[in-house]
Amino acid sequence: MAKPALIDSKPENYYRASLASPGPRLPLEGMHRADTCIIGGGFTGLSAALHLATAGARVTLIEAETIGFAASGRNGGQIHTGFRKTQEQLERWLGEIHAHDLWALGEEAKMLVRELAATHQIDCASKSGLIIAAHDDAAARELAEDTEHLRSHYGYAAARMMDAAETAA
């Protein structure tokens, strides 16, 4: 019987290019038994597989490309607060209760990623912080309003405004 062909894996982003060689990836063949089969090796699939396996489940994870191939490997690796809309916009769209629930879920997700990295001793060079730059005075005012809203309505004190000199530094 011939050996299965190896699947070539070429780095397509900084994160994959900076890793040691992942080794050969053999195609899935034959019969496999699992309690759960997860399709996709991005953040969500890997997290689900890890949590299920930790709980004692037999897990098979199938990824068509390489781990973190699609959006999970192309997101810039940022773990930061907030969404593509401001919390005030989310409050208008979802209502205050659901916007607060979504905020709490986002904060919990950030904490989970950091806890998993610590628990599993993943050397991911994690750094806290995010800079959102304003390109004009109107954008700076909007950022200031958003920062104040997060402080006063969500108790979030980690966001703060920086002047141009501090941002440049």
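The values are calculated or read from the model by the stated rules, or taken from the named source; none is laboratory data. Fair warning: this is a prediction, and the values are worked out from it, not measured in the lab. Backbone-built Cβ (ideal geometry, glycine too); neighbour counts: all protein chains shown. Note: accessible area is taken over every heavy atom of the protein model, side chains too, but ligands, DNA and RNA are not part of it. Shrake-Rupley method; radii C 1.70, N 1.55, O 1.52, S 1.80 Å.
A compact table of results
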read-out: Members of region 37-61 found to be β-branched (V, I, T) and closer than 24 Å to G77 by Cβ, listed by number; value: I38, I39, T44, T54
read-out: From the options L105, L50, residue that is surrounded by 13 or more Cβ atoms within 10 Å (Cβ to Cβ), at pLDDT 90 or above and not hydroxyl-bearing (S, T, Y); value: L50
read-out: Pair list, Cβ under 8 Å, 6 or more apart: region 29-40 residue touching a residue at least 12 places away in the same chain (Cβ under 8 Å), other residue open to solvent by 100 Å² or more (accessible area, probe 1.4 Å) and of a type outside the set (D, E); value: R33/R58; A34/R58; D35/R58; T36/R58
read-out: Cross-chain or 6+ apart pairs with Cβ under 9 Å, region 121-133 first and among the aliphatic types (A, V, I, L, M) and assigned to a loop (DSSP other than H, G, I, E, B), then at pLDDT 75 or above and open to solvent by 80 Å² or more (accessible area, probe 1.4 Å); value: L130/Q78
read-out: Residues located in region 34-47, provided they are in a strand (DSSP E or B) and open to solvent by 80 Å² or more (accessible area, probe 1.4 Å); value: I39
read-out: Cross-chain or 6+ apart pairs with Cβ under 6 Å, region 146-169 first and touching a residue at least 12 places away in the same chain (Cβ under 8 Å), then open to solvent by 60 Å² or more (accessible area, probe 1.4 Å) and acidic (D, E); value: H149/E88
read-out: Scan of region 53-62 for residues that are part of a loop (DSSP other than H, G, I, E, B) and open to solvent by 50 Å² or more (accessible area, probe 1.4 Å), ordered by number; value: A55, G56, R58
read-out: Residue match in region 134-141 (condition: surrounded by 12 or more Cβ atoms within 10 Å (Cβ to Cβ) and not in a helix (DSSP H, G or I)); value: yes
read-out: Count of region 63-90 residues which are out of contact with any Lys or Arg (no Cβ under 9 Å at 6 or more places or on another chain), in a helix (DSSP H, G or I) and in contact (Cβ under 8 Å) with a residue 24 or more places away in the chain; value: 4
read-out: Residues within region 80-102 that are open to solvent by less than 60 Å² (accessible area, probe 1.4 Å) and either within 12 Å of the chain's Cα centre (by Cα) or on the phi > 0 side of the Ramachandran plot (or both), tallied; value: 3
